[in-house]
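What follows is a short report on a single structure.
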Amino acid sequence: MSEVASNTIARENLYGLAAEFATTPGIYHAAEEAHSAGYKWFDCLVPFPVHGLDRAMGVKMTILPILVFFGGMLGLTLACCLQIFTNSLEFDIWALIPVVGYQYDVSGKPLLGAAAFVPVAFEMTVLFSALTAVFGTLFLNKLPMFYHPTLKHPALARATDDRFYLVIEARDPKFRLDEVEAFLNSLNPETVIALEK
Amino acid sequence: MTTAPVNKIDNTIEDPENRPQLILNHTEFSSVTTDILRANESSKAPKSWYFALAISFTMMSMLGAMIGYLIFTGVGVWGNNNPVAWGYPIVNFVFWVGIGHAGTLISAILFLFRQKWRTAINRFAEAMTIFAVICAGTFPGIHIGRVWLAYWLFPIPNQMDMWPQFRSPLLWDVFAVGTYFTVSLLFWYLGMVPDLATMRDRATSKVKQLVYGLLSLGWRGSMRHWHRYERAYLLLAALATPLVLSVHSVVSFDFAVSQLPGWHTTIFPPYFVAGAIFSGFAMVMTLAIPARQLWGLKNFITMRHLENMCKVVLFTGSIVGYAYSMEFFIAWYSGEIYESFTFINRAFGPYGWAYWIMVSCNVLTPQIFWFKKARNNIAIIFTASLLVNVGMWFERFVIVVTSLANDFLPSSWGMYEPTWVDVVTFLGSFGLFMTFFLLFIRFLPILAIAELKSIMPIADPHGHGHSYNEMSGETNAQAELAEEDE
């Protein structure tokens, strides 16, 4: 179990070491240990979000909700500007550039009918928030990323099926090959795998 | 095609001490993956799939032919006439948008309510939403007459210096349905990314590896990714919830903001939303029952799931029934002669037959789900869900046609009759819907695999077991004794 193939990979080509676990308590415990041992560049590869694992790893709360809030506000602003400019206004920017809307007179109703502008403003707020949520996640996760050392190793394909992996990266300041190997083995993994860059 | 064994476990029993099992006969993660993807990964689909695809594709081609005929000839090929300018296209539009609503309800609202049973049905309900909205979008698109000017619907600068009229509900619809489609698509795709990665890692051919690899965006199951992903999913659910309520409200404004008797009522937004969820759930059941049979998914879409959906249909069907009676009451109570006439005319006038089809399908049919025997009988559920679909189409027919045909002055009344082109176009839209759906169940993960794993008892990292599936086979004699009605 402790025979790591790391000696076949040159040190500068080593991405990190991965320990395989078969159960959720196993990976949860391992993540807690890795966090308290002071490793920074480590990750857990899991087939589904294990409840509380992010907190056990010491992952900070994502800024995504804040981005989504501003995305929504942008949508709201754009929707209001769009409706007011196109339906209610006619003016010149610096007396030079004419901005001409199309002022429909419908039964003498006000041109700046705020109530009538609510549905579109609402929809645009939701649309921009949702776009920010999805593309913000992808951006923060640095996806799409079609090449990654953990995708390269055939054994780690089970991370999308039924196995859980703790990966400690070689770029971690505390990374000493023998120490990390011993540390991972102390967690009772199924196996420890060396990952090539 | 072989399927996993289905042991006789009755998970519809209400036992306050034990939470019911939601995933039957599975104790390992890997068997869940294999069981769900079995149909996708088998080299050949069942014969019935090819058969259904052939029929659907033919119907879809008919839709294409009808649209071509319409564009080259003009809207005169339809039955739409002067008082009834909306006719079939708008009936079909509202019908299809309504179908879509159940998908979002399941994926967003039930997610916020922590209804774990939703995980087995949300993926294909969301797919259903997207395909239904595509069908819905087709109809107003071709109803505008000059299809090549459809871009006038959008606020795009044009040579006439003209902008859309933002105080019109018809334009709100463009934004509501457009947003709804985009958000549903994003929600569906984001939810599917981890499962596409599973399919990528299990792919046996280069082509599959490449396609699923590209679609899964290089997802590797990193918990740091999952952390943001879960947050995004929650945010999308919270955004989709008011969105889905707003979409059918806006659709109802198309009617309610006008001055027409029978349309100009404040009850329309909630009544339309309830009706939409009602029809959508019926469609989910119509699709789920054959799909679980054909794809061997009875361990995931269990009787309890179907029973829960029956309860939703019963509840929303009763709201719809209440709305019908309240419309009548207000028509009388308002003392408005045109309003009163419209409703009496709906029930007993020339379109009375459509009204009574609507009432019997939508109000009476779901009442059968008060009985547990009916909720546990596949044949009854399937028949009732089909009847509800029929009834909900007639509801839109009644609303659109009767109000327009007989409004104020009898001199401007006119009857409406659909032409063969109308009927074939409508049937063709089912072809479009089913073609997409059949391709989806063959090539994409039909159930949310990662989410299903997370509700299994072994997924709990603390082993407290206050997750689902607590009752194990041997401790629950009740379950063994209970017979399954399937």
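The values are calculated or read from the model by the stated rules, or taken from the named source; none is laboratory data. This structure is a prediction, so every number in the text was calculated from the model and none was measured. With ideal geometry, Cβ positions are generated from the backbone for all residues, glycine too; neighbour counts draw on all protein chains shown. Side chains included, ligands, DNA and RNA excluded: accessible areas come from the protein's heavy atoms. Shrake-Rupley method; radii C 1.70, N 1.55, O 1.52, S 1.80 Å.
Of note:
- Residue that is nearest to A:Pro47 (Cα to Cα) [pool: residues in segment B:408-453 that are touching an Asp or Glu at 6+ places or on another chain (Cβ under 9 Å) and open to solvent by less than 20 Å² (accessible area, probe 1.4 Å)]: B:Ala450
- Some residue of segment A:124-135 being modelled with pLDDT under 90, open to solvent by 30 Å² or more (accessible area, probe 1.4 Å) and hydroxyl-bearing (Ser, Thr, Tyr): no
- Figure legend. Inter-residue proximity from segment B:391-416: first residues in contact (Cβ under 8 Å) with a residue 12 or more places away in the chain and over 25 Å from B:Ser318 (Cβ atoms), second residues open to solvent by 10 Å² or more (accessible area, probe 1.4 Å) and outside any loop (DSSP other than H, G, I, E, B), beta-carbon distance below 7 Å, spacing 6+ or different chains. Indicated pairs: B:Asn406/B:Asn345; B:Phe408/B:Tyr338.
- Residue check for A:Thr150: touching a Ser or Thr at 6+ places or on another chain (Cβ under 7 Å) and among the β-branched types (Val, Ile, Thr): no
- Members of segment B:113-134 found to be outside any helix (DSSP H, G or I) and open to solvent by less than 20 Å² (accessible area, probe 1.4 Å), listed by number: B:Ile121
- Of the candidates A:Lys142, A:Lys152, A:Lys197, A:Lys109, the single residue that is touching a Pro at 6+ places or on another chain (Cβ under 6 Å) and among the charged types (D, E, K, R) is A:Lys197.
- Residues that are part of a helix (DSSP H, G or I) and of a type in the set (D, E, K, R) are absent from segment B:135-146.
- Residues within segment A:23-75 that are among the aliphatic types (A, V, I, L, M), touching a strand residue (DSSP E or B) at 6+ places or on another chain (Cβ under 7 Å) and more than 11 Å from every other protein chain (Cβ to nearest Cβ), tallied: 1
- Cβ-Cβ under 6 Å pairs, at least 6 apart or on other chains, segment A:150-166 side farther than 17 Å from B:Glu28 by Cα and not assigned by TED's automatic domain parsing to the domain that holds A:Pro189, far side of a type in the set (Asp, Glu) and open to solvent by less than 10 Å² (accessible area, probe 1.4 Å): none
- Of everything listed in (1) in the same structural domain as A:Phe42 (by TED's automatic domain parsing); (2) touching a Ser or Thr at 6+ places or on another chain (Cβ under 7 Å), the single unmet condition for A:Val126 is (1).
- Screening A:Leu127 against (1) assigned to a loop (DSSP other than H, G, I, E, B); (2) at the interface with chain B (Cβ under 7 Å from one of its Cβ atoms) leaves a single unmet condition, (1).
- Residue check: B:Ser246 meets all listed conditions (1) open to solvent by 10 Å² or more (accessible area, probe 1.4 Å); (2) more than 14 Å from chain A (Cβ to nearest Cβ) but one, namely (2).
- Residue within segment B:206-213 that is within 14 Å of another protein chain (Cβ to nearest Cβ), at negative phi, crowded, with 19+ Cβ neighbours inside 10 Å and not basic (Lys, Arg) present: yes
Residue-by-condition table, conditions (1) loosely packed, with under 15 Cβ neighbours inside 10 Å; (2) of a type in the set (Val, Ile, Thr); (3) at pLDDT 95 or above:
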{"residue": "B:Ala54", "(1), (2), (3)": "yes, no, yes"}
{"residue": "B:Thr58", "(1), (2), (3)": "yes, yes, yes"}
{"residue": "B:Met62", "(1), (2), (3)": "no, no, yes"}
{"residue": "B:Ala65", "(1), (2), (3)": "yes, no, yes"}
{"residue": "B:Gly76", "(1), (2), (3)": "yes, no, no"}
{"residue": "B:Asn81", "(1), (2), (3)": "no, no, no"}
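- Note on segment A:96-106: residues that are more than 9 Å from every other protein chain (Cβ to nearest Cβ) and modelled with pLDDT of 80 or more amount to 2.
- Being surrounded by fewer than 18 Cβ atoms within 10 Å (Cβ to Cβ), among the hydrophobic types (A, V, I, L, M, F, W, C), touching a helix residue (DSSP H, G or I) at 6+ places or on another chain (Cβ under 6 Å) and within 11 Å of chain A (Cβ to nearest Cβ) is a description that applies to B:Ala203.
- Selection over segment B:204-223 of residues that are in contact with a strand residue (DSSP E or B) (Cβ under 7 Å, 6 or more places away or on another chain) and of a type in the set (A, V, I, L, M, F, W, C) gives a count of 1.
- Boolean, B:Leu110 is part of a helix (DSSP H, G or I), over 20 Å from the mean Cα position of the chain (by Cα) and closer than 29 Å to B:Phe268 by Cα: no
- Residue that is more than 12 Å from every other protein chain (Cβ to nearest Cβ), within 29 Å of the chain's Cα centre (by Cα), open to solvent by less than 50 Å² (accessible area, probe 1.4 Å) and of a type outside the set (Gly, Ala, Ser), where the choices are B:Phe166, B:Phe175, B:Phe187, B:Phe139: B:Phe139
- Filtered residue count, segment A:139-162, keeping only those that are at the interface with another protein chain (Cβ under 7 Å from one of its Cβ atoms) and of a type outside the set (Val, Ile, Thr): 12
- Qualifying residue in segment A:10-28 (condition: open to solvent by 60 Å² or more (accessible area, probe 1.4 Å), without any contact (Cβ under 8 Å) to a residue 12 or more places away in the chain and among the hydrophobic types (A, V, I, L, M, F, W, C)): no
- Any hit, segment B:27-39, residues being without any contact (Cβ under 8 Å) to a residue 12 or more places away in the chain, open to solvent by less than 40 Å² (accessible area, probe 1.4 Å) and of a type in the set (Ser, Thr, Tyr): yes
- Of all the residues in segment B:290-339, those that are buried (at least 17 other Cβ atoms within 10 Å of the Cβ), among the polar types (S, T, N, Q) and more than 21 Å from the chain's Cα centre (by Cα) number 1.
- Qualifying residue in segment B:438-449 (condition: within 25 Å of the chain's Cα centre (by Cα), of a type in the set (D, E, K, R) and modelled with pLDDT of 90 or more): yes
- The set of residues in segment B:190-200 that are facing chain A (nearest Cβ under 9 Å) and in contact (Cβ under 8 Å) with a residue 24 or more places away in the chain comprises B:Leu190, B:Val193, B:Pro194, B:Asp195, B:Ala197, B:Thr198, B:Met199.
- Every condition in (1) out of contact with any Gly (no Cβ under 9 Å at 6 or more places or on another chain); (2) closer than 30 Å to A:Asp161 by Cβ; (3) free of Cβ contacts under 8 Å to residues at least 60 places away in the same chain holds for A:Cys80 except the one numbered (2).
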